[in-house]
Amino acid sequence: MDTPALALGPLLHEGKAKRLYATADPQRCAVEFKDVATASNGRRQARLPGKGGLNCRISARLFTLLEQAGLPTHFQGLLGDGWMLVRTLRMIPLEVVLRNRAAGSLLRQLPTVAGQRLEPPLLDLYFKDDALGDPFLSEARLAVLNIITPQARVQLETMARQVNSALHQALGKLDLDLVDLKLEFGWDASGQLRLADELSPDNCRLWDRRQSPDSPGRSLDKDRFRQGLGGLVAAYKEVDHRIQTLGLQPQPHDPGQGLL
Ligand code: TMP
């Protein structure tokens, strides 16, 4: 992977798939996408060269698509292979999961059939806390946590549904069926709610409509690693290749902005 096109400050946070660094501008951070896949809350790991760069490029293009649709994100520009500049946000410790079809953990929790359409899309909130295993939040549990006002929650859920709908439509045109996805949000310095984290096959399920439903090649997402199917980097390359055809041009970081 490249070194980023700006001077890094201290490491602020290391997650399972990304590292977050300070920059000279307190309003902006640099994100490094690691060449690592994890499953089972980090208990299973593998090094997969090329994965970080792919997730960074795919995320940059999809953030650009959403910005063009009027949905605010933290994306501020590409810094090189596997590196992205983002706005510094005050993160909301929630994982927002949207499901357009039944898959994954839902199949173990509700009497649903794999691939069953969910209309309207099912939206669930989870508390983002690795030590607690990111527990599912009921209405009452969310109130106990006291991390978001009822008004902000409506704003967050509305934006999450708009993001899901924009991505579902755009990816559908590429024969990529957006089955479900996990989103994270934060507040910027001016109090604007923005989509954060990443938008890649690591945090969504994408089924290839060009393959038959029972083909193991249908999953073009991290289920390939979770289920030991192999071929994860090739699948992500296919997703990247199709998304490229949308002609979106994520902005590169402009060194004239004074961060070098
Ligand atoms: P699930 O079916 O395992 O609950 O996952 C639903 C969606 O959320 C799926 O697209 C994968 C994504 N996800 C994450 O990105 N991170 C997580 O920690 C979990 C549990 C799911």
| message | I'd like the full set of residues that are assigned to a loop (DSSP other than H, G, I, E, B) and among the hydrophobic types (A, V, I, L, M, F, W, C), limited to region 1-56. | response | MET1, ALA5, LEU6, ALA7, LEU8, ALA17, ALA24, LEU48
| said: Kindly evaluate LEU195 against the criterion of being within 16 Å of the ligand (Cβ to nearest atom), of a type in the set (A, V, I, L, M, F, W, C) and either over 14 Å from the mean Cα position of the chain (by Cα) or modelled with pLDDT under 95 (or both). | reply: no
| Looking only at region 121-137, which residues are in a strand (DSSP E or B) and either more than 21 Å from the chain's Cα centre (by Cα) or within 15 Å of GLU184 (Cα to Cα) (or both)? | LEU123, ASP124, LEU125, TYR126, PHE127, PHE136
| Could you count how many residues in region 87-119 are over 16 Å from the mean Cα position of the chain (by Cα) and among the β-branched types (Val, Ile, Thr)? | 3
| task | Please indicate, with yes or no, whether at least one residue in region 61-84 is among the aliphatic types (A, V, I, L, M) and within 16 Å of the ligand (Cβ to nearest atom). | result | yes
| Filter result for GLN109 (out of contact with any Phe, Trp or Tyr (no Cβ under 6 Å at 6 or more places or on another chain), within 15 Å of the ligand (Cβ to nearest atom) and among the polar types (S, T, N, Q)) | yes
| query | Do we find that LEU142 is away from the ligand (no atom under 16 Å from the Cβ) and crowded, with 18+ Cβ neighbours inside 10 Å in this structure? | reply | no
| request: State whether one or more residues within region 94-104 are open to solvent by 30 Å² or more (accessible area, probe 1.4 Å), over 26 Å from TRP187 (Cβ atoms) and either out of contact with any Cys (no Cβ under 9 Å at 6 or more places or on another chain) or assigned to a strand (DSSP E or B) (or both). | output: yes
| message | Considering only region 63-78, I want to know if a residue exists there that is part of a loop (DSSP other than H, G, I, E, B) and free of Cβ contacts under 8 Å to residues at least 40 places away in the same chain. | response | yes
| task | Could you please find all residues in region 42-100 being under 16 Å from ASP240 (Cα atoms) and charged (D, E, K, R)? | result | LYS51, ARG57, ARG61, ASP81
| query | Scanning region 182-215 for residues that are among the aliphatic types (A, V, I, L, M) and either part of a loop (DSSP other than H, G, I, E, B) or open to solvent by 10 Å² or more (accessible area, probe 1.4 Å) (or both), which turns out farthest from ASN100 (Cα to Cα)? | reply | ALA189
| remark: Scanning region 113-135 residue by residue, those in contact with a Leu (Cβ under 8 Å, 6 or more places away or on another chain), more than 11 Å from the ligand (Cβ to nearest atom) and not hydrophobic (A, V, I, L, M, F, W, C) turn out to be PRO121
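The values are calculated or read from the model by the stated rules, or taken from the named source; none is laboratory data. Predicted, not measured: the structure shown is a model, and the values here were computed from it. Methodologically, a virtual Cβ is constructed for each residue, glycine included, from the backbone with ideal geometry; neighbour enumeration extends over all protein chains shown. The protein model used for the area step is the full one, side chains on, heavy atoms only, and it has no ligands, DNA or RNA in it. Shrake-Rupley method; radii C 1.70, N 1.55, O 1.52, S 1.80 Å.
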